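J.: What follows is a structure written as structure tokens; I'll ask about it next.
The values are calculated or read from the model by the stated rules, or taken from the named source; none is laboratory data. In this text the structure is predicted, and so the values were computed from the model without any measurement. Cβ coordinates were reconstructed from backbone atoms using ideal geometry, including for glycine residues, and neighbour counts include every protein chain displayed.
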Amino acid sequence: MDQLLIQGGFPLYGSVAISGAKNAALPLIAATLIAPGLHTLHNVPDLRDTRTMLKLLEILGARWERTGTTVRINSDRLTGVEAPYDLVKTMRASVLVLGPLLARSGFARVSLPGGCAIGARPINYHLKGFEQLGVTAQLEQGYVEGIVDGQLRGGTIYFDVPSVTGTENVLMASVKAKGRTVIKNAAKEPEVDNLIDMLVAMGAEIDGKGTDRLIVHGVDRLQAGESTIIPDRIETGTYMIAVAATGGCVQITNCNPAHLPALIEKLLLCGVEIETTDDMITVSCPEVNGHSTCLLQSVDITTLPYPGFPTDLQAQFMALMIQSDGTSIIHETIFENRFMHVAELERMGADVTIQGARAIVRGIGRGKLNGAPVMATDLRASASLVIAGLSANGTTQISRIYHLERGYEQMVEKLRGVGAQVSRVKE
């Protein structure tokens with residue numbers, strides 16, 4: 001098993017290009033199951049999770065090939081409707097094949113999902129939505145079985161809490177439902193909009209993109225299409241925070257600043273300098289006489305559905321607030337078990353107190369963290385440890401970095417490209 005070794009204390013300078021969004025690529029890959037034909041997806045990141053989703057499509061009978069960042073998927077002939085536990089347990093997003101299979105075949109059997117240990121992510125929203133479309137769903141020995149009696153029919157679906165994968169799954173099923181489907185309190189994340197664009201390109205009729213009320217007019221037939229994955233806003237935010245934590249100046253290219261309004265606002269309040277264009281963000285904390293000009297004022301955050309502060313950037317932002325001047329409060333409202341990185345950050349000198357869904361972070365100032373052996377517990381926690389290691393004194397050794405490979409394409413190479421002293425070694 002590999003580890004990361006990080007020699008901290010080096011400001012970052014240069015340019016880093018952002019890959020396609022993992023959380024957009026997974027539903028778009030799943031959506032190719034809805035209609036037979038040769039689908040083309042551009043800007044697909046090569047990650048552990050995208051490879052898992054493509055492997056799942058193979059099991060269901062689809063064929064695919066990758067050329068650079070373009071993946072072509074032939075879904076002409078499906079030979080199965082079951083997503084097995086051995087594969088689904090490694091990635092929760094595998095449940096996204098449920099909606100497409102119900103739309104295509106009228107039956108699906110998908111294992112209950114596994115994935116990162118960041119709290120319960122029940123699929124009850126998905127199942128309640130499917131039931132409104134005429135699906136009979138039941139749990140059978142750890143599997144969700146969905147059966148359509150006749151044809152999917154339009155209905156009204158209300159999410160008590162906006163669910164990204166719930167919205168996506170119901171959307172993919174409803175595009176072939178007879179009549180009109182209304183999804184209320186739908187998730188508004190850019191990744192949902194990316195899926196809507198793909199479905200419309202395939203022939204679906206969907207109104208309300210970018211709002212919390214989606215109206216789907218079912219069609220009898222969809223065709224294969226061509227789509228492009230949006231830039232990964234979480235990868236973008238991670239590198240923005242890394243520059244803020246270490247100092248320096250980095251141009252982040254191939255990104256979409258409009259997808260990160262809350263993070264940009266919070267970083268500006270911290271004292272970080274940010275300039276944006278349509279597809280680039282420049283983050284700077286230049287040094288004068290060996291000291292960063294960014295004082296890093298403490299800032300409170302509350303994770304919320306888009307366009308609020310992303311839960312997937314909470315751990316990284318905590319790694320920044322540890323080095324601030326003052327006390328910040330981080331309120332996690334999305335997942336109930338997403339402070340597992342705190343114990344590891346404390347090994348490096350962090351002063352954090354957990355009170356239920358809140359973390360009280362007492363900033364220790366810049367240059368006070370110390371490198372230590374730490375262990376990653378989930379994808380975004382891994383990124384927070386990398387940020388802490390980049391700004392710590394001495395060497396940080398991060399184990400279980402396979403979590404990072406689920407969501408960050410070529411992270412070591414990208415960080416080295418902007419001056420980070422990081423290497424991958426055998427444990």
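J.: Do you know which residues across the range 54-73 are in contact (Cβ under 8 Å) with a residue 12 or more places away in the chain and within 14 Å of Ala31 (Cβ to Cβ)?
T.: Correct list: Leu54, Leu56, Leu57, Leu60, Ala62, Val71, Ile73.
J.: Are there any pairs with C-beta distances below 7 angstrom linking a residue in the range 7-22 that is not assigned by TED's automatic domain parsing to the domain that holds Met53 to a residue that is surrounded by fewer than 17 Cβ atoms within 10 Å (Cβ to Cβ) and modelled with pLDDT under 95, with the two at least 6 apart or on different chains, and if so which?
T.: Final answer for the pair search is Pro11/Glu287.
J.: In addition: Write out, first by first residue and then by second, each pair whose Cβ atoms fall under 9 Å of each other, whose residues are 6+ apart or on separate chains, and whose first residue, in the range 324-351, is crowded, with 21+ Cβ neighbours inside 10 Å while the second is aromatic (Phe, Trp, Tyr) and assigned to a loop (DSSP other than H, G, I, E, B).
T.: Ile330/Phe339; Glu332/Phe339
J.: Here's something else I'd like to know. Could you count how many residues in the range 212-233 are within 20 Å of the chain's Cα centre (by Cα) and without any contact (Cβ under 8 Å) to a residue 60 or more places away in the chain?
T.: Final tally of qualifying residues: 1.
J.: Ok, one more. Looking only at the range 334-347, count every residue that is assigned to a loop (DSSP other than H, G, I, E, B) and modelled with pLDDT of 95 or more and tell me the total.
T.: The number of residues fulfilling the criteria is 1.
J.: Inspect the range 296-315 for any residue being farther than 23 Å from Arg233 by Cβ and outside any loop (DSSP other than H, G, I, E, B) and give the result as yes or no.
T.: Yes, because at least one residue in the range 296-315 is farther than 23 Å from Arg233 by Cβ and outside any loop (DSSP other than H, G, I, E, B).
J.: Taking the condition part of a helix (DSSP H, G or I), touching a helix residue (DSSP H, G or I) at 6+ places or on another chain (Cβ under 9 Å) and over 22 Å from Ala17 (Cβ atoms), does Ala388 pass?
T.: So Ala388 fits the description; yes.
J.: Which ones in the range 156-199 are among the polar types (S, T, N, Q) and either touching a helix residue (DSSP H, G or I) at 6+ places or on another chain (Cβ under 6 Å) or in contact (Cβ under 8 Å) with a residue 40 or more places away in the chain (or both)?
T.: Within the range 156-199, Ser163, Thr165, Thr167, Asn169, Ser174, Thr181, Asn194 qualify.
J.: Filter the range 382-427 down to the residues that are basic (Lys, Arg) and at pLDDT below 95 and list them by number.
T.: Hits for the range 382-427 are Arg400, Arg406, Arg424, Lys426.
J.: Further question: Of all the residues that make up the range 39-69, how many are of a type outside the set (Phe, Trp, Tyr), in a strand (DSSP E or B), more than 20 Å from the chain's Cα centre (by Cα) and surrounded by fewer than 22 Cβ atoms within 10 Å (Cβ to Cβ)?
T.: 5
J.: Can you tell me how many residues in the range 156-182 are in contact with a strand residue (DSSP E or B) (Cβ under 6 Å, 6 or more places away or on another chain) and over 15 Å from Ala204 (Cα atoms)?
T.: 3
Per-residue answers, yes or no, for (1) closer than 23 Å to Val418 by Cα; (2) in contact with a strand residue (DSSP E or B) (Cβ under 8 Å, 6 or more places away or on another chain):
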residue: Val200; (1), (2): no, yes
residue: Glu235; (1), (2): yes, no
residue: Met240; (1), (2): yes, yes
residue: Cys249; (1), (2): yes, yes
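J.: Give Arg380, Arg424 a once-over and let me know the one that is farther than 22 Å from Asp300 by Cβ, within 25 Å of the chain's Cα centre (by Cα) and among the basic types (Lys, Arg).
T.: Result: Arg424 is the single residue among Arg380, Arg424 that is farther than 22 Å from Asp300 by Cβ, within 25 Å of the chain's Cα centre (by Cα) and among the basic types (Lys, Arg).
J.: Check Val110 against each of (1) under 30 Å from Met340 (Cβ atoms); (2) modelled with pLDDT under 90; (3) surrounded by fewer than 24 Cβ atoms within 10 Å (Cβ to Cβ) and name the one condition it does not meet.
T.: (3)
J.: When you go through Ser105, Ser94 one by one, which is the residue that is closer than 19 Å to Ile29 by Cβ, at pLDDT 90 or above and hydroxyl-bearing (Ser, Thr, Tyr)?
T.: Ser105
J.: In the range 405-414, is there at least one residue being assigned to a helix (DSSP H, G or I), free of Cβ contacts under 8 Å to residues at least 60 places away in the same chain and farther than 15 Å from Ala319 by Cα?
T.: So far as the range 405-414 goes, yes, one or more of its residues are assigned to a helix (DSSP H, G or I), free of Cβ contacts under 8 Å to residues at least 60 places away in the same chain and farther than 15 Å from Ala319 by Cα.
J.: Would you check which residues across the range 298-337 are charged (D, E, K, R) and either touching a strand residue (DSSP E or B) at 6+ places or on another chain (Cβ under 8 Å) or not assigned by TED's automatic domain parsing to the domain that holds Cys270 (or both) and list them?
T.: Within the range 298-337, Asp300, Asp325, Glu332 meet the criteria.
J.: Next question, about the same structure. Based on this model, can you work out whether Asp207 counts as of a type outside the set (A, V, I, L, M, F, W, C), without any contact (Cβ under 8 Å) to a residue 40 or more places away in the chain, touching a Leu at 6+ places or on another chain (Cβ under 9 Å) and within 24 Å of Pro190 (Cα to Cα)?
T.: Yes.
J.: On to the next question. Please state which one of Ile264, Ile241 is more than 30 Å from Leu102 (Cβ to Cβ), under 21 Å from the mean Cα position of the chain (by Cα) and either crowded, with 22+ Cβ neighbours inside 10 Å or of a type in the set (Lys, Arg) (or both).
T.: Matching residue, one of Ile264, Ile241: Ile241.
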